[in-house]
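Structure provided below as structure tokens; questions to follow.
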Amino acid sequence: MNLGGFKNKEVLVDLTSGSVDYRPVNEEYAKKFIGGRGLGVKYVLDNGPEVEPLSEDNILCIMTGPVTGSRSSMSGRLCVVTKSPLTGTVTDSHMGGWTAARLKWAGIDNIIFKGKSDKPVYLYIENGQAELRDASDLWGKSTRATVQAFKDKYGADDLSVMTIGQAGENKVRFAGFMNEHDRAAGRGGTGAVAGFKLLKAIVIKATQKGNMPEAKNADEYKEANKKAVKAILDGGLTAPNKGGLSVYGTNVLTNLINEVGALPTMNSQATNWDEAEKHSGEWVNEHLLVANNTCHACPVACKIEVEVKEGKYKTRVESFEFESAWALGANSGLSNSEAIAYLIDLCNEYGMDTIELGHCLSVTMEAFEKGLVDEKLDWGDADSMIEMTRKIAHREGFGGVLAEGPARATAMWGAPELSMSVKGQSIPAYDPRGIQGIGLGYATSNRGACHLRGYTVASEIAGIPEPTDRLAAEGKGELLKVFQDLLSFSDSMNICKFSSFSENAEHYAEQYSGMTGIPMTAEDVMLAGERIYNLERYYNNLAGFDKAEDDFLPKRFTEEGATGNSAGSVSRMDIMLDEYYNVRGWKDGVVPTEKLVELGIIEKADSGETVEQ
């Protein structure tokens, strides 16, 4: 392989037969789809969009990118790509910490699982070799107990573990993977896919020394990395120990989003909450903070570790994130930050998405309030929330209904309008009535409602790279496309999205060029990102998401007015969606053949028929 940055080795694991094989990375694919998210989606597409998510036919891809594990700032990311059991779309979910770096240092770029084991197993990786080993004694254990068992067995030094907990084992549709530092690949139900396959964990033993990716053009890469690091260090949000993201973590956003009237409250019945300050970054720093942790090659250190030292919510946990605090806080009417920390810890232990779990609780609260269900769950009742979380993870009683996800649960109750979801995945912590662009982003996200596909909040709230009016609908289609394409590239290079607060397409292009040896401009970055976003949309079109009605928002956002400093505002999807389709060149949400050919996703044969690349 002529590309720098890659180890040129993929592990192919057939869980049905128990075989482990190896292959080089497809260089043509890597050039076109970069790595990480883009390359993983290509593999999932080649496997067939018609497969059932919870089946032997679905594949589970663990993907790194060309700069993963290098000296590039924020390059400690991997993504898990599969067909989602929550949405039925393609999905990718990303994880920080050191797992990705250690995978690359172990001499492996990617792992592709297929089939289903006849007993619980884990994959052990060291020195470029992988082996399936028995995990029967670990089945039923929490994520932390599993991690500790592997530390005891293999030693904690130079060890990374990504594992599922009881939620994944019980195929909770929003179960994810956790690693040894409480970093999650949380969204989309990737952990449920692993649970179906009886795959408990991936264990990696590797050291950095002598194993970092080699840049094709070392001097060029060194200079590019120097410029990128300077941008991070000088960034208004990312500057170490100065920027809001570094000082408060993602939870710096709670008070800000609440103040503008865009914090979804009590299942989005309001968009601001007087009690939100009690689980904000400022409050947590003053009352619960014990450490600011970081990931591989990251100077920002946005990870907030908190400790509740006594009482029934006693815990110590990393990941007191904005989304988690909101989902279990304002969204569920709970202001007690100690109880929220405990609930986050439970989600980490069971291995499930905090956002989706918060929505499970909030839809039940509203349904009970409206007399639609008999299961008593009151707003802000922390102890009942904790007990329901346990029931969901183990699929006990009413928890088994919620384990299907809020969209399916509310449909069972005859009240689908209570689920604030798109394509089956629930919204994050930004109300689309108070931030117009992010609502369009939820509707057109290729993995269901998601802020990370196209983070227009950067512009609409933080003014990055330039400010736009958060309540204006006009122009948001073009704005969203820019963010979606840029972040598709960064996800595929597998560099943290927070880098985009300070770096731009030129920074990405220069690092990619120096590392791989392939000349790339900022324009090339955006084109590659566009190709990847259209590749995902093409997959979803083939999987049955082939009409404009699939790109929707719940009626609460388009018909019921916001509160607070966004009072009366509704999402103007009627304006934004047509504009977005026009900018994308799509027809009613479908990528036309000519666009697919233009982007090199398919090609026309001499006969005029199209074939996939």
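The values are calculated or read from the model by the stated rules, or taken from the named source; none is laboratory data. The structure displayed is predicted, hence computed values, not measured ones. Here Cβ is always computed from backbone atoms with ideal geometry, including for glycine, and neighbour counts include all displayed protein chains. Ligands, DNA and RNA are excluded from the accessible area calculation, which covers all protein heavy atoms including side chains. Shrake-Rupley method; radii C 1.70, N 1.55, O 1.52, S 1.80 Å.
Please list the non-local residues whose amide H lies under 5 Å from the amide H of Asp431, H modeled 1.01 Å from N, same-chain partners needing a gap of 5 or more.
Residues meeting the criterion, in which the H sits 1.01 Å from N, are Leu263.
Let me ask something additional. Calculate the tail of P(r) for segment 97-199: the fraction of all Cα-Cα distances greater than 18 Å, expressed in %.
46
So if I take the alpha carbon set of segment 146-199, get Rg, then get Rh from the Kirkwood formula, what is the Rg over Rh ratio?
Taking Rg over the Kirkwood Rh, I get 1.02.
From the square roots a ≥ b ≥ c of the eigenvalues of the alpha-carbon gyration tensor of segment 327-413, which class results: rounded (a/c under 1.5), prolate (a/b over b/c), or oblate?
Because a/c hits 1.5 or more and a/b fails to exceed b/c, segment 327-413 counts as oblate.
To check my understanding: the extent here is largest minus smallest coordinate of the Cα atoms along each principal axis. What are those three numbers for the chain, in Å, largest first?
61, 55, 50
Could you compute Rg(Cα) / (2.2 N^0.38 Å) for segment 286-363, with N its residue count?
That ratio works out to 1.09.
How much solvent-accessible surface does Leu237 expose, in Å² to the nearest 10, with a 1.4 Å probe and all protein chains in place?
Rounded to the nearest 10, the figure is 50 Å².
Binning every alpha carbon pair distance of segment 53-117 at 5 Å from zero, what are the percents per bin?
Histogramming segment 53-117 at 5 Å steps yields 4, 19, 24, 20, 15, 13, 5, 1 percent.
Where nothing but the Cβ of Lys and Arg (+1) and of Asp and Glu (-1) is charged, how large is the charge dipole of the chain around its Cα centre, in debye to the nearest 20?
1360
Got a number for the accessible area of Trp586? Probe 1.4 Å, square angstrom, nearest 10.
10
Same structure again: Taking the Cβ of Thr207 as the centre, find all other residues whose Cβ is under 11 Å away and add up their charges (Lys, Arg: +1; Asp, Glu: -1).
0
Could I ask something else about it? From the mean inverse distance of alpha carbon pairs (Kirkwood) and the Cα radius of gyration, derive Rg over Rh for segment 431-582.
Radius of gyration relative to Kirkwood radius: 1.00.
If you look at just the Cα atoms of segment 194-259, how large are its Rg and its Dmax in Å?
When restricted to the Cα atoms of segment 194-259, Rg and Dmax are 19.2, 49 Å.
Across every pair of different alpha-carbon atoms, what Kirkwood hydrodynamic radius in Å does segment 541-596 reach?
12.9
Next question, about the same structure. For segment 157-272, what is the largest minus smallest coordinate of the Cα atoms on each principal axis, given in angstrom and ordered from greatest to least?
54, 45, 25
Beyond 17 Å, what share of the Cα-Cα pairs of segment 390-480 is found? Please give it as a whole percent.
55
Over every pair of different alpha-carbon atoms in segment 505-613, take the mean of 1/r and invert it; report that Kirkwood radius in Å.
So the Kirkwood estimate lands at 16.7 Å.
Please compare each pair in Lys200/Lys242; Lys200/Lys555; Lys476/Lys595 to a cut-off of 28 Å on the Cα-Cα distance and tell me which ones are over it.
Lys200/Lys242; Lys200/Lys555
Oh, and also: Sum up the charges of everything whose Cβ sits under 14 Å from the Cβ of Trp105, counting Lys and Arg as +1 and Asp and Glu as -1, but leave Trp105 out.
+2
Something else about it: Roughly what percent of Cα-Cα pairs across segment 91-142 reach past 15 Å?
So the pairs more than 15 Å apart make up 59 percent of the total in segment 91-142.
How much accessible area per residue does segment 473-613 have, counting only protein heavy atoms and a probe of 1.4 Å, in square angstrom?
40
Arrange the peptides 303-310, 110-117, 93-100 so that the one whose residues have, on average, the most other Cβ atoms within 10 Å appears first.
93-100, 110-117, 303-310
Okay, next question. Kindly flag which residue pairs out of Lys547/Lys604; Lys151/Lys227; Lys42/Lys171; Lys151/Lys171; Lys42/Lys216 have an alpha-carbon separation exceeding 32 Å in this structure.
Lys151/Lys227
Could you give me the radius of gyration and the Dmax of segment 468-541, taking only the C-alpha atoms into account and expressing both in angstrom?
13.4, 43
Hey, another quick one. Send over the per residue convex hull volume for segment 447-505, Cα only, as a whole number of Å³.
Spelled out: Cα convex hull of segment 447-505, divided by residues, is 85 Å³.
At a 1.4 Å probe, what is the % contribution of carbon and sulfur to the accessible area of the chain?
47
Could you give the spread of the C-alpha atoms of segment 1-150 along their three principal axes, from largest to smallest, in whole angstroms?
That gives 41, 37, 27 Å along the principal axes, largest extent first.
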